[in-house]
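The values are calculated or read from the model by the stated rules, or taken from the named source; none is laboratory data. Quantities reported herein were computed from a predicted structural model and do not represent experimental measurements. Cβ sites come from the backbone with ideal geometry, for glycine too, and all protein chains shown count toward neighbours. The protein model used for the area step is the full one, side chains on, heavy atoms only, and it has no ligands, DNA or RNA in it. Shrake-Rupley method; radii C 1.70, N 1.55, O 1.52, S 1.80 Å.
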Amino acid sequence: MSRPAYNDAEKGVLDVRSLQVAANPDLTKSEKKAVDFDVFPVQSLKKDAPVSPSNVAKPPPQTPKPQKMKVTKWVHFIIWYDSYRRFFTVIFVLNFTALGFAIAGLWPYALQYPGALVVGNLNFAVLMRNEIFGRLLYLFVNTCFAKWTPLYFRLGCTSTLQHLGGIHSSCAISGIAWLILMIVNQYKVKYDYNDSLLAFGVVLIITLIITLIAGLPWVRNTHHNVFERNHRFFGWTSLVMTWVYTILTNTYDVNDGKWDRSGVYVVRQQAFWYSMGMTLFIVLPWICTRKVRVDIELPSPKVAVLRFERGMQQGMLARISRSMVMEYHAFGIISEGTHAKYHYLICGVQGDFTRSLVNDPPRKIWTRQLKVAGVSNTSTLYKRGIRICTGTGLGAALATCIQSPYWYLIWIGSDQEKTFGPTISGLIHRHLGPERYLLWDSKERGGRPDTMKVLKETYDYWQAEGTYSSQLFSEAEISFSDVRTSCIHHFKLRRKLRDTTRLQDSWNSCLWYSLGFHQLLIHLFLTQSVFMAQFLFDTGVHVSLRAHDIIR
């Protein structure tokens, strides 16, 4: 119940190193990195002549290394306290404040209908991970707020869409907390309840806690298969147990201790409809799962290029697996547009799954036909931008630059053309003019570039509004960014890049402007709206049901 995590090959941060020719030979041949030697004269010495300072010239003194910019703890805190954690904090505080009022007996509604608060929170948690809801949300934002709104607002929209996992995690934890309160209150008057109700309540708590633990970041990052199996299958088990527990609690009458309530009564309860909504949110994406034909190109032992039929819009992610329900992995989609005949995935070899694509290429593979919207899909919000990536990160970057003439590509890698093959290099050279890309061959040029220097120069040249990055930057480089994220891709957007001196002098004020105030207001508004919508829906359903009873 945390932000989604993928291995390095999926995130696009794997730096593939193998022999190949630069993707732009005309550029790289003339821009090899020169190797400089410090040469100093040595006077000829006669045999057995003593060596003295006058005989041998001293080498020139070494120039001091430039000092790194010092970053304050406040800046580190702001970068760490991203939108994900803000969402989590607001919803967690609101729910647990309400939980405190319920424990103190100051909120009778929560004590009378705790099941609705349990399933309501779980409902929102599942909704945030629903692909259909995500696509609709991205479509709404890209359609209504593209280019004309203030830049800080578009920054807030992009950051909000990328960090919906904060709502997912906080609502899930809050739902478990409400469930624990509900079971504890039942055990206080356990003689009024049937033993099966109490037992099912405990089992439901255990399955939800296991699902929660399996979704912790360190489990996802270090044991992806363990996370996926437990988080998914215990989550499905929790859904079944939720249905059983909802039906049992609403059919059992504590007044006479009998199971005499009708099915009509159960259907009219809030918890029933919340459970129905949660089931639909979980099942709908799986309806779109299909086994489709795939053609695999192996340009090198370290990369597999997968080709599927059908064109795609930019900023999409594809989930693929050899099994219908197990071990799905997400990769960025490369496509020339919705009119294209094919779309492509770049899979860097690292784990067992990606290695099997090279060693045993399948003819068919399972995928969800409804693709996932990634943060790059919000590139339509901005007038001009830069897409910087390394290695297999090109898979999430290239479609944006192909489909929009206002985006500039910076691709840092090693022997790109030989490693990634003619298909990928052909897409670059057919659709991007030389004025719209920079391909840096780290093997040809003797190492990686000064990333921030390249980015700043390109930013000034391209007059960009923002930068999306599929690269893991060092801590010093992170200090130059206004926004840092740790999901599938590291997202960086800047209102304006300044030179190092000006940026250092005005860092705190700029950072607070872009992150601290405007986005905080947006996030507070959205999260409070979510909580209030949930509360009003609960109250409205409760009032309508009571009114129906009075009418009858």
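The figure for D256 is an accessible area of roughly 70 square angstrom, using a 1.4 Å probe on the protein chains alone. The solvent-accessible area of S238, taken with every protein chain present and a 1.4 Å probe, is close to 10 Å².
Taking a virtual spin label 7 Å from the Cα of T279 along the C-beta vector, which residues in the range 110-143 bring their backbone nitrogen under 16 Å of it? It comes to 119-120, 123, nothing else. Under the combined filter of DSSP loop state and at most 14 neighbouring Cβ atoms within 10 Å, the range 150-256 retains none of its trypsin sites (Lys or Arg not before Pro). Over every Cα atom in the range 318-436, the radius of gyration and the widest Cα-Cα span, Dmax, amount to 14.9, 44 Å. Residue ranges 101-107, 323-329, 157-163 sort as 157-163, 323-329, 101-107 when ordered by packing (mean number of other C-beta atoms within 10 Å per residue, highest first). Highest mean packing first, where packing is the average number of other Cβ atoms within 10 Å per residue, the peptides 244-252, 371-379 line up as 371-379, 244-252. Karplus-derived 3J(HN,Hα) values for the range 89-106, using 6.51 cos²θ - 1.76 cosθ + 1.60 with θ = phi - 60°, are 5, 5, 5, 4, 5, 4, 5, 6, 5, 4, 4, x, 4, 5, 5, 6, x, 9 Hz; glycine and proline are entered as x. Highest-first packing order for the peptide set 416-428, 116-128 is 116-128, 416-428, based on the mean count of other beta carbon atoms within 10 Å. Under a 5 Å amide H cut-off, with hydrogens placed 1.01 Å from N, L409 pairs with R387, Y437, L438 among residues at least 5 apart or on other chains. Between E297 and K73, the modelled label-to-label distance comes to 5.3 nm, taking each label 7 Å out from Cα in the direction of the beta carbon. If we count every other residue with Cβ under 13 angstrom of I424's Cβ, Lys/Arg +1 and Asp/Glu -1, where does the sum land? Its environment carries a net charge of -1.
The portion of the accessible surface of the range 148-234 made up by carbon and sulfur, rounded to a whole percent, is 70 (1.4 Å probe; DNA, RNA and ligands excluded). Sorting Y265, Y408 by solvent-accessible area of protein heavy atoms yields Y265, Y408, largest first, with a 1.4 Å probe.
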